[in-house]
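Chemist: Structure in structure tokens, see below.
The values are calculated or read from the model by the stated rules, or taken from the named source; none is laboratory data. No experiment lies behind these values; they were computed from the predicted model shown. Note that we place each Cβ from the backbone using ideal geometry, even for glycine, and neighbour counts take in every protein chain shown.
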Amino acid sequence: MQSPISSRVAPSVLLVFLAFVSLVSRGYSYTTVSPPPHKPCIVASTCEQCLENVSCLWCNTNSSCLDYPVRHILPPSSLCQLSQARWGVCWVNFEALIIAMAVVGGTILLSITVCCCCCCCRRGQSGPDRDDERLARRREEIRQKSENRKAERRARHDEIRKKYGLIPDSDHPYSKFEND
């Protein structure tokens, strides 16, 4: 005997499967959108028009719009000097862009390194600090020396008191009766 739940689930799963198969067989599948056609860089006459296309590079020396050399990270000097090349925006030359990116990257790396070092140093100092341990040992030594000096002083004072009879001699059993 089938349970009532399994008899209701099986037809719904079958319906979903059939709907999926029918959609795929009709050609309703996901397709990727093709990129827009490449605009040539040669038709631009100003820097702003040239840099509207991301794949273009503006060269100030001869005021020309060139295709960015994708095979090279930096455009070769035979194509355009770095100080005269513009990419992305017209008011920043490629040389300044590289220097700024290097400074920002270096700053980020330096700050990450400093943060890591600070975290490691804090983790290593979870117990008492070395200076605190040294001070605690020094205090303990001073306290021990003070206790030793007190004991020596007390012993010397007791000897002087015995010598002059200021301390009753408790060793003698009849010492209590001498003053009667």
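Chemist: Examine segment 107-118 for a residue that is of a type in the set (S, T, N, Q), at pLDDT 95 or above and under 30 Å from Ile167 (Cα atoms), and state whether such a residue exists.
Modeler: no
Chemist: Could you grab me the full set of residues in segment 80-124 that are of a type in the set (Phe, Trp, Tyr) and assigned to a loop (DSSP other than H, G, I, E, B)?
Modeler: Trp87, Trp91
Chemist: Where the second residue is β-branched (Val, Ile, Thr) and the first is on the phi < 0 side of the Ramachandran plot and lies in segment 141-158, which pairs have Cβ atoms under 7 Å and are six or more apart or on separate chains?
Modeler: Asp158/Ile167
Chemist: Looking at segment 43-71, I want the residues that are without any contact (Cβ under 8 Å) to a residue 40 or more places away in the chain and have a partner that is of a type in the set (Gly, Ala, Ser) and outside any loop (DSSP other than H, G, I, E, B) with Cβ atoms under 7 Å, at least 6 apart or on another chain. Which pairs are those?
Modeler: Between residues of segment 43-71 that are without any contact (Cβ under 8 Å) to a residue 40 or more places away in the chain and residues that are of a type in the set (Gly, Ala, Ser) and outside any loop (DSSP other than H, G, I, E, B), the close pairs are Leu57/Ala85; Cys59/Ala85.
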